[in-house]
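Notes to accompany the following structure.
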Amino acid sequence: MDIKQQIIELRTQALEELSRADTLAELEEWRVRYLGKKSRLTEILRGLATLSIEERKEAGAVSNSFKQEIEEAYRQKEKLRRIDTLGSSSSKETIDISLPGRPFARGHLHPVAQALNEIVAIFTAMGFQVLEGPEVEWDYYNFDMLNMPKEHPARAATDTFWLDAPPNEKGWQMLLRTHTSPMQVRTMEKSKPPIRIVVPGIVHRYEATDATHLSMFSQIEGLAVDEGICMADLKGTLHEFARRFFGPDRRVRFRCDFFPYVEPGAEMAVECAVCHGGGCRLCGGAGWIEVLGSGMVHPRVLEGVGIDPKKYSGFAFGMGIERIPLLKYGIEDIRLFYGNDLRFLRQFR
Ligand code: PHE
């Protein structure tokens, strides 16, 4: 039999056996038999030496195209087999179940979200209901109805991000709420006393950022309206909150403050966690950090929403959320919360 004929027969045999090779081992055996150094082809080609130049050329060409063909067939088969193994559980290969599992990267809540959840839980345990309100607000709710008429300094453009939108038919302007207090008005417009709500949410202020200030931050508003509510209820509620959140050892301080929508008004400050009253960068040397504004709801605000101030009274407060974990953990710069530095964030797992 001449060499050409032998190669043609070898081709038929090779392709047929390849179609039957299914496992990795069978495939490898096939590869050695037909493509390896000691393959049948090598054996056949040994006979070339006895041929004339013409015959050698012809046999060489046949052998080359044979090699190319079966190499290609082998590659195709291997590819198919790999896809097969991925897709089927009936693969004859085994999985080593004693290998350790791949670690699963698990996320966690942002420290500010954690603090917010904790704060909300404390107030709900005291009987407050949780509401949310719009971040894009009307000046009517953000200012007017909170006893801040058009010419009030708090409305100056330096404090507020105004929206570039035309006023509505009532002349109300759109803005990014500068506090969560507009929800006091929205709530009292809709529901009558007794009211006990807290409203967490994001607020915006057009001001410079530093170690204790951000232009976008979170607040939680509180409002309680009923018959006979007085300043002692306000102090008792907020003091109890501070005790539960910071622990019984941290001192709190109330001082007079002014907000147009309360009378009287008060701020609450908490002893600085870094210097414990001595004064440091975090507290600006004061030893105390203000965490909330509060007061007795102004009679004009109650009148505005149709609640009789002779019958009902209420207290309200607005607390900055980011400052709370800052104080709890003694963090020196509020900007760390939004710097997205994982080395910082991972400490709150
Ligand atoms: N809205 C005030 C602020 O953003 C806080 C506050 C709320 C004060 C309720 C009094 C009553 O600082």
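For beta carbons closer than 6 Å, sequence separation of 6+ or different chains, a first residue in segment 204-226 that is touching a residue at least 24 places away in the same chain (Cβ under 8 Å) and a second that is away from the ligand (no atom under 14 Å from the Cβ) and acidic (Asp, Glu), the qualifying pairs are 211/333. Does any residue of segment 166-183 turn out to be at pLDDT below 95, within 15 Å of the ligand (Cβ to nearest atom), over 21 Å from the mean Cα position of the chain (by Cα) and among the charged types (D, E, K, R)? No. Among strands (runs of 3 or more DSSP E) entirely within segment 251-349, having at least 1 residues that are without any contact (Cβ under 8 Å) to a residue 40 or more places away in the chain and of a type outside the set (D, E, K, R) singles out 252-257, 262-271, 288-297. Just checking, how many residues over segment 215-236 are within 13 Å of the ligand (Cβ to nearest atom) and of a type outside the set (Ser, Thr, Tyr)? Final tally of qualifying residues: 10. Here segment 279-330 is the region considered, the condition is being surrounded by 17 or more Cβ atoms within 10 Å (Cβ to Cβ) and on the phi > 0 side of the Ramachandran plot, and the residue that is nearest to the ligand (Cβ to nearest atom) is 295.
The values are calculated or read from the model by the stated rules, or taken from the named source; none is laboratory data. Worth saying up front: this structure is predicted, and the values here are computed from it rather than measured. As a convention, Cβ positions derive from the backbone with ideal geometry for all residues, glycine included, and neighbour counts pool all protein chains shown.
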